[in-house]
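Below you'll find the structure, written out as structure tokens, and then a few comments.
The values are calculated or read from the model by the stated rules, or taken from the named source; none is laboratory data. Every value quoted in this text rests on a predicted model; they were computed, and no experiment measured them. All Cβ positions, glycine included, derive from the backbone under ideal geometry; neighbour counts span all protein chains shown. Note: accessible area is taken over every heavy atom of the protein model, side chains too, but ligands, DNA and RNA are not part of it. Shrake-Rupley method; radii C 1.70, N 1.55, O 1.52, S 1.80 Å.
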Amino acid sequence: MSMPFQWPAGYAPAVQPPIEPPERSLWFVFRGSELLVTVAPVIALPHCNHPKTLGMMPQRIQYLGVLGEEHCFSAEAAAETAAPQGWVWQGLRALFGVLDEERFALAGRALQIVDWDRTHQYCGACGRATAARTDERSRQCPGCGLVVYPRLAPAVMGLVRRDRELLLARSPRFPEGMYSALAGFVEPGETLEQCLEREVYEEVGIRVCKARYFASQPWPFPHSLMIAFFADYYSGEIRVDETEIEDAKWFDVRNFENLPRLPARISIARRLIDAAIGEMLAS
């Protein structure tokens, strides 16, 4: 079983920063969805007392906790903010495999917190300005008392197996030639298993059984939690919905030359597919 993106043993999440500001901290500074990093070939994050030492004044700052012995903060720069000399704004996806796994995972957490904090400055019920709570990661309206937490959208991914075959599909949004496992968001009142069965049937007309949990992965683009399962084929013929799916096929894992282009290794979809291929070829 794969367990991607676990927090390192040395990371302790927290909401309240230390009373005395640290002399140097690790900063995750975002402009929209772009992260501030040093210019290649050596990619690094800011280690400083405050982004103002780089000539930047963030709009908002959030405390993330401690990684190793470093206090960590996220910050949001205004949309028109230029990168300081020697620094660049870089999309987070492009930093997979460039930043070490611990910092990449924490950057994903930071991006979601920054996005949530920006979009919940005002109460969605009465319109008053909200205030950050000190005992947990939430914001509360002083007027009506509404408490809002960082948004998380659970999505189920299902890889269907039939003998030595895998059911893979492609969305019109995918890069040319790429196929992946099926996935969809959980609806109110559904279990994860019910979501899996519904999504597979709606998208390709296949009934599945024996759902088995594989692993989960935070997916901060912008705020999903991917929960991956294996499932066995039960009945039905492929019938694509032609809205979310433009093609779906059974692929025999023994014929590697016939396998399609697969998702990038950053995704749990690729880990799920690779694990299935390994198990099926070993059996």
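Which number in (1) in contact (Cβ under 8 Å) with a residue 12 or more places away in the chain; (2) open to solvent by 60 Å² or more (accessible area, probe 1.4 Å); (3) farther than 19 Å from HIS223 by Cβ marks the one condition that ARG118 misses?
(3)
Given the conditions (1) open to solvent by 70 Å² or more (accessible area, probe 1.4 Å); (2) under 24 Å from GLU20 (Cα atoms); (3) of a type in the set (D, E, K, R); (4) in a loop (DSSP other than H, G, I, E, B), which single one is not true for GLU80?
Every condition holds for GLU80 apart from (2).
Any idea which of GLU242, GLU246 is among the charged types (D, E, K, R), open to solvent by 70 Å² or more (accessible area, probe 1.4 Å) and at pLDDT 95 or above?
On the way: GLU242 fails: at pLDDT 95 or above.
The match here is GLU246.
Can you tell me which condition ALA231 does not meet? The list is (1) among the aliphatic types (A, V, I, L, M); (2) open to solvent by 80 Å² or more (accessible area, probe 1.4 Å); (3) modelled with pLDDT of 95 or more, and all the others hold.
(2) is the only condition that ALA231 fails.
Taking segment 49-63 as the search range and keeping residues that are crowded, with 16+ Cβ neighbours inside 10 Å and out of contact with any helix residue (DSSP H, G or I) (no Cβ under 6 Å at 6 or more places or on another chain), which one is nearest to ARG103 (Cα to Cα)?
Taking segment 49-63 first, the residues crowded, with 16+ Cβ neighbours inside 10 Å are 50-51, 54, 56, 58, 61-63.
Now drop any that are not out of contact with any helix residue (DSSP H, G or I) (no Cβ under 6 Å at 6 or more places or on another chain), which leaves 50-51, 54, 56, 61, 63.
Details: HIS50: 18, PRO51: 18, LEU54: 20, MET56: 22, ILE61: 18, TYR63: 15 Å.
Looking at the filtered set, the residue picked out is TYR63.
For a quick check of your reading: which strands (runs of 3 or more DSSP E) sit entirely within segment 191-283 and have at least 2 residues that are acidic (Asp, Glu) and touching a Lys or Arg at 6+ places or on another chain (Cβ under 9 Å)?
Details: elements: 207-219, 224-235, 247-252.
In segment 191-283, the matching strands (runs of 3 or more DSSP E) lie at 247-252.
Pairs please, first residue from segment 21-46 and under 12 Å from TRP89 (Cα atoms) and among the hydroxyl-bearing types (Ser, Thr, Tyr), second anywhere and open to solvent by less than 70 Å² (accessible area, probe 1.4 Å) and part of a strand (DSSP E or B), Cβ atoms under 8 Å, 6+ apart in sequence or on different chains.
Once the first residue is under 12 Å from TRP89 (Cα atoms) and among the hydroxyl-bearing types (Ser, Thr, Tyr) and sits in segment 21-46, its partners that are open to solvent by less than 70 Å² (accessible area, probe 1.4 Å) and part of a strand (DSSP E or B) give SER33/GLY91; THR38/TRP87; THR38/VAL88.
Only one of GLU190, GLU176, GLU197 is under 30 Å from ARG118 (Cα atoms), under 23 Å from the mean Cα position of the chain (by Cα), open to solvent by 20 Å² or more (accessible area, probe 1.4 Å) and not hydrophobic (A, V, I, L, M, F, W, C). Can you tell me which?
Working: GLU176 fails: under 30 Å from ARG118 (Cα atoms); GLU197 fails: under 30 Å from ARG118 (Cα atoms).
Checking each option against the conditions leaves just GLU190.
In the list ASP274, ASP252, ASP247, which residue meets the criterion of being under 12 Å from LEU166 (Cα atoms), of a type in the set (D, E, K, R) and in contact with a strand residue (DSSP E or B) (Cβ under 7 Å, 6 or more places away or on another chain)? Break it down into steps so the answer makes sense when it comes.
Working: ASP274 fails: in contact with a strand residue (DSSP E or B) (Cβ under 7 Å, 6 or more places away or on another chain); ASP247 fails: under 12 Å from LEU166 (Cα atoms).
Result: ASP252 is the single residue among ASP274, ASP252, ASP247 that is under 12 Å from LEU166 (Cα atoms), of a type in the set (D, E, K, R) and in contact with a strand residue (DSSP E or B) (Cβ under 7 Å, 6 or more places away or on another chain).
For (1) under 30 Å from MET280 (Cα atoms); (2) free of Cβ contacts under 8 Å to residues at least 12 places away in the same chain; (3) surrounded by 12 or more Cβ atoms within 10 Å (Cβ to Cβ), each residue gets a yes or a no:
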site	(1), (2), (3)
GLN90	no, no, yes
LEU99	no, no, yes
GLY108	no, no, yes
GLN112	no, no, yes
GLY127	no, yes, no
THR134	no, no, no
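Regarding GLU202, is this residue farther than 20 Å from ALA276 by Cα, touching a helix residue (DSSP H, G or I) at 6+ places or on another chain (Cβ under 9 Å) and at pLDDT 95 or above? Talk me through it step by step, then tell me what you get.
Working: farther than 20 Å from ALA276 by Cα: yes; touching a helix residue (DSSP H, G or I) at 6+ places or on another chain (Cβ under 9 Å): no; at pLDDT 95 or above: yes.
Here the answer is no, as GLU202 does not meet what is asked.
If you take the residues in segment 142-173 that are of a type in the set (D, E, K, R) and touching a Phe, Trp or Tyr at 6+ places or on another chain (Cβ under 8 Å), which one is least open to solvent (accessible area, probe 1.4 Å)?
Looking only at segment 142-173, we keep the residues that are of a type in the set (D, E, K, R), and these are 151, 161-165, 170, 173.
If we keep only those that are touching a Phe, Trp or Tyr at 6+ places or on another chain (Cβ under 8 Å) as well, we get 151, 161-162, 165, 170.
Values: ARG151: 150, ARG161: 42, ARG162: 66, GLU165: 49, ARG170: 20 Å².
That would be ARG170.
Can you name the residue in segment 215-230 that is in contact with a Leu (Cβ under 9 Å, 6 or more places away or on another chain) and of a type in the set (A, V, I, L, M) and, of all such residues, is farthest from ALA153 (Cα to Cα)?
Initially, segment 215-230 is screened for residues in contact with a Leu (Cβ under 9 Å, 6 or more places away or on another chain), giving 215-225, 227-230.
From the residues that got through so far, the ones that are of a type in the set (A, V, I, L, M) too are 215, 225, 227-228.
Details: ALA215: 16, LEU225: 6, ILE227: 11, ALA228: 14 Å.
Among residues in segment 215-230 that are in contact with a Leu (Cβ under 9 Å, 6 or more places away or on another chain) and of a type in the set (A, V, I, L, M), the one farthest from ALA153 (Cα to Cα) is ALA215.
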